[in-house]
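Undergrad: Okay, here's the structure, questions in a sec.
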There are 2 protein chains.
Amino acid sequence: MAPSISLDPIGHVRGGRTEPIDDEWDSVDAMIELDEKRFGPEVVAGLDEFSHLDVVFFFDQVTESDVNLGARRPRGNPEWPEVGIFAQRAKARPNRIGVSTCTLLGVDGLSLSVRGLDAIDGTPVLDIKPHVPEMGPRGEVREPAWMRELMRDYW
Amino acid sequence: MAPSISLDPIGHVRGGRTEPIDDEWDSVDAMIELDEKRFGPEVVAGLDEFSHLDVVFFFDQVTESDVNLGARRPRGNPEWPEVGIFAQRAKARPNRIGVSTCTLLGVDGLSLSVRGLDAIDGTPVLDIKPHVPEMGPRGEVREPAWMRELMRDYW
């Protein structure tokens, strides 16, 4: 078996929601506070030229025993099909990693002001990348109807 | 200081490139082989309804000493500005996490056939998510000219 990978959070989400509510995340403003013991402000030099961030974070409120490897209906909705955890973006997933695109409102030293980050107060942040449209999908994109329905009120 | 987070790869990239060449990744087909000791095929049930994946992986060929926390010119290009590591998507970054969107060609048990995954043979995979267009940026997207230039030949 391959060795485990050990990561240290680069910072934490501060403010915003304190409970993981499913929907309407674009109404939430929060901060990402980068670890000032490890980083100087040069790590975010030029970041304000980007309108959006891709944030990689760790769902630390999910326990390993929460992670269900069986197929299930997303949000328990009986009208949706049973799908596997890697065909969903649910948080109770192996390695408990979230990836989300949010609006960057401003940069002040190592404090990033963001809107629409679907991670709650205290969430450990593993990486921040500038959102680059060219990194998106090439070719026509296809997704099932249940996912479109699920996303209707998400932001 | 917050405790470290320990992750186990869910699988590995097999095939494709053996060297991290900068550009033309859409010409590369590869497999993602999920760990059959941990997972059954139900973890990918319904995944074939999606045309693209968002793959989270670990740049295991980058050493911690490769990670440069100073601002620098991407790809050493003298015409581009000095920017911080969190304003770039370069691989030599804290926690060495890559996130990339690729085409899903097919699913066979725990083997996923993909195109345009910018990760080399042997790369540990940390997560797979279906690519969901609604998860993309809300509002107008802005990026600096150097990034658009860098991405010109990327795929």
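Derivation of every value follows stated rules applied to the coordinates shown; laboratory data play no part. All values derive from a computational prediction rather than experimental measurement. Note: ideal-geometry Cβ built from the backbone for every residue, glycine included; neighbour counts use all protein chains shown.
Undergrad: Cα to Cα, under 17 Å, and not fewer than 8 places away if on the same chain: which lysines meet these conditions relative to B:LYS129?
TA: A:LYS91
Undergrad: Explain nothing, just compute: Karplus ³J(HN,Hα) = 6.51 cos²θ - 1.76 cosθ + 1.60, θ = phi - 60°, for every residue of the range B:107-118 in order, whole Hz, x for Gly and Pro.
TA: Couplings: 10, 10, x, 9, 9, 10, 9, 10, 10, x, 8, 8 Hz.
Undergrad: Straight-line reach from B:LYS37: which aspartates and glutamates have a Cα under 15 Å away, not including same-chain ones fewer than 8 places off?
TA: Cα-Cα hits under 15 Å: B:ASP8.
Undergrad: Shortest first, in nm, what separates the label point of B:SER6 from those of the same position in the other copies (7 Å along Cα→Cβ)?
TA: 0.9
Undergrad: Looking at chain B as a GNM with Cα springs under 10 Å, which of B:LYS91, B:LYS129, B:LYS37 has the largest mean-square fluctuation?
TA: B:LYS37
Undergrad: Need one value for B:140-148: mean number of C-beta atoms belonging to other chains within 10 Å of its residues' C-beta atoms.
TA: Partner-chain Cβ atoms within 10 Å, mean over residues of B:140-148: 5.
Undergrad: Short version: ³J(HN,Hα) in whole Hz for each residue of the range A:61-67, in order, from phi by Karplus 6.51 cos²θ - 1.76 cosθ + 1.60 (θ = phi - 60°), x for Gly and Pro, what are they?
TA: Using θ = phi - 60°, the values come out as 7, 8, 8, 4, 6, 6, 6 Hz.
Undergrad: Here is a further query. Using a 10 Å cut-off on Cβ to Cβ distances, tally the other chain neighbours for every residue of B:55-68 and report the average as a whole number.
TA: Across the residues of B:55-68, the mean count of other-chain Cβ atoms within 10 Å is 1.
Undergrad: Other chains' Cβ within 10 Å of B:90-99 residues: what's the mean?
TA: On the way: counts 1, 0, 0, 5, 13, 10, 3, 9, 3, 8.
Across B:90-99, the average partner-chain Cβ count within 10 Å equals 5.
Undergrad: Which shape class, rounded, prolate or oblate, goes with the protein assembly as shown when its Cα gyration tensor gives a ≥ b ≥ c as root eigenvalues, a/c under 1.5 marks rounded, and past that a/b bigger than b/c marks prolate?
TA: Working: a/c = 1.43, a/b = 1.19, b/c = 1.20.
Rounded shape, in that the Cα axes give a/c under 1.5.
Undergrad: While we're on this one: Place the label 7 angstrom along Cα→C-beta at A:SER111 and in each other copy, then list the distances from the first to the rest in nm, shortest first.
TA: Output for A:SER111: 5.3 nm, nearest copy listed first.
Undergrad: Follow-up question, since we're still on this one. Does the range B:11-153 classify as rounded, prolate or oblate by the C-alpha gyration tensor (a ≥ b ≥ c root eigenvalues; a/c under 1.5 gives rounded; else a/b over b/c gives prolate, otherwise oblate)? Kindly include the intermediate steps, with their values, before the conclusion.
TA: Numbers: a/c = 2.07, a/b = 1.58, b/c = 1.31.
Prolate, because a/c is 1.5 or more and a/b exceeds b/c.
Undergrad: Then there's this: Amide H neighbours of A:THR123 under 5 Å, at least 5 residues apart or on other chains, H built in the peptide plane: list them.
TA: It is A:VAL13, by chain and number.
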